[in-house]
Amino acid sequence: MSIGWFTTARGPGSLNLFSTLMDWIHSGDIDAKVSFVFINRDVKGNAYRQCLIDMATKEGIPVILFPSDSFRPDLKIKDLERWRDAYGEGLREHIADHPMDFGVLAGYMLIIDPITCQRYDIINLHPALPDTYTGTWEEIVGKVVENRDPCYGATVHVCSPELDRGAIVAYDSFPTESIVNAPISADEKARKVRAEELRREAPLLMESIRMLVDGEVSIRKGKVHDSDGVEAKGCSDLSARVSQALERSM
């Protein structure tokens, strides 16, 4: 299978996700290849972004840079939805020569336009449990701490026109009670919660990709189906698999 990788590559989390993917491909745990890496920013001196580009180039993977921050700023000010559609059209033109069986948004800090969501099967790693919070990880972790949620985790879902509400492929959950109820500052709680989520998000995404590659699940018209082709009624809790993957890597 061929995977399209979409990222903004702004920091260590995005770099770690791509590096982990390549490790799993090299080890044979994921039987797939990366068709391209799409980055919606210029390098701009970002060391993590440059490292990811260098890694992909060394692997012979085409890297596509199509900066969204400098794309038609006049239209973005006037009409954000039209701008998003226009950028999406440009994105599709850029990846047209690089077929993929499905795409992965991994640290991609931009909302995908509806047509691209409908035309391609794309999954997204979202730093929240199913049917809970939307927004950035900073906003979400803040809510987890504020509400003293007993557990937290991340979700892999199908990219859809409705932000962070696509059909769920899988999720990971871990307990947070000992952190959110600890006698420490809210900022320290947030750092600890985020650190654990970061530690677990790479194996969650890899296990989800492996499920798709191995045919354990599939995506059809925005819906998740099981290996028998039946639309999935629930979503896969991969918490145990994630913990096992972390143990193997130690």
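Any idea what the relative contact order of the range 59-123 is, in percent, if you count C-alpha pairs under 8 Å spaced at least 6 apart?
It comes to 32 percent, rounded to a whole number.
In a Gaussian network model over the chain where Cα atoms closer than 10 Å are linked, find which of Ile30, Ile39, Ile77 has the largest mean-square fluctuation.
Taking springs between Cα atoms under 10 Å, the residue moving most is Ile77.
So how strong a dipole does the range 1-110 carry about its Cα centre when Lys and Arg Cβ are +1 and Asp and Glu Cβ are -1, to the nearest 20 debye?
400 debye
Restricting to the chain, compute how many DSSP beta bridges are antiparallel as a %, nearest 5.
45 percent
Suppose every Lys and Arg Cβ carries +1 and every Asp and Glu Cβ carries -1, with no other charges. What dipole size does the range 80-185 come out with about its Cα centre, to the nearest 20 debye?
With Lys and Arg at +1 and Asp and Glu at -1, about 100 debye.
Put +1 on the Cβ of each Lys and Arg and -1 on the Cβ of each Asp and Glu in the range 1-110; which of Asn40, Ile25, Gly103 then has its Cα farthest toward the positive end of the dipole?
Checking the options against the dipole of the range 1-110, the answer is Asn40.
Can you tell which of Trp83, Gln118, Val156 lies farthest toward the positive end of the dipole of the chain, using +1 and -1 charges on the Cβ of basic and acidic side chains (Lys, Arg; Asp, Glu)?
My answer, from the dipole projection, is Trp83.
Which of Glu197, Glu177, Glu207 moves the most in a Gaussian network model of the chain with Cα springs under 10 Å?
Largest GNM mean-square fluctuation: Glu177.
What's the local net charge at Ala9, with K and R +1, D and E -1, over the other residues with C-beta under 9 Å away?
Net charge in that neighbourhood comes out at +3.
Looking only at Gly107, Gly45, Gly11, which one moves most when the chain is put into a Gaussian network model with springs between Cα atoms under 10 Å?
With Cα springs under 10 Å in the chain, the top fluctuation among Gly107, Gly45, Gly11 is at Gly45.
Can you check what the net charge comes to around Arg194, using other residues whose Cβ is under 12 Å from the Cβ of Arg194 (Lys, Arg +1; Asp, Glu -1)?
Summing Lys and Arg as +1 and Asp and Glu as -1 gives -2.
Using label points projected 7 Å from each Cα along Cα→Cβ, tell me how many nm separate Met22 and Lys143, to one decimal.
Going by the 7 Å Cα→Cβ label model, 3.5 nm.
Lys and Arg at +1, Asp and Glu at -1: add these up for the other residues within a Cβ distance under 12 Å of Ala86 and post the number.
Surrounding charge for Ala86 is -1.
Label Asp97 and Asp237 with points 7 Å out from Cα along Cα→Cβ: what is the distance between them in nm?
4.8 nm
Using only the Cα atoms of the range 118-237, build the gyration tensor, take square roots of its eigenvalues as a ≥ b ≥ c, and label the shape rounded, prolate or oblate: rounded if a/c is under 1.5, else prolate if a/b is larger than b/c, else oblate.
Cα axes put the range 118-237 in the prolate bin.
Is it possible to state the helix-based mean residue ellipticity at 222 nm for the chain, with each DSSP H run of 4+ residues giving -39500 (n - 2.57), the sum divided by total residues, to the nearest 500 deg cm²/dmol? What is it?
Rounded to the nearest 500, it is -13500 deg cm²/dmol.
Nothing charged except the Cβ atoms of Lys and Arg (+1) and of Asp and Glu (-1): what's the magnitude of the dipole of the chain about its Cα centre? Round to the nearest 20 debye.
460 debye
For the range 1-110, give the share of DSSP beta bridges that are antiparallel, in percent and rounded to the nearest 5; count only bridges with both residues there.
Restricted to the range 1-110, the bridges split so that about 0 percent are antiparallel.
Tell me the label-point distance for the pair Arg191, Glu81, using the 7 Å Cα-to-Cβ offset, in nm and rounded to one decimal.
About 4.3 nm, to one decimal.
Once the piece of chain linking Leu110 and Asp42 is laid out straight, how much longer is it, given 0.36 nm per residue of separation minus the C-alpha distance between them?
So the chain would gain 23.0 nm between Leu110 and Asp42.
Could you let me know the centre-to-centre spacing of the range 53-83 and the range 200-234, using Cα atoms, in angstrom?
28 Å
Search the structure for amide H atoms under 5 Å from the amide H of Ile64, placed 1.01 Å from N in the peptide plane, and list their residues when 5 or more places away or on another chain.
Residues meeting the amide H criterion: Val37, Phe38, Ile39.
Values in this text are rule-based calculations from the coordinates and carry no lab data. Treat the numbers as computed from the prediction; the structure is a model and nothing was measured. Every residue, glycine as well, gets a Cβ built from its backbone with ideal geometry; the counts of neighbours run over all protein chains shown.
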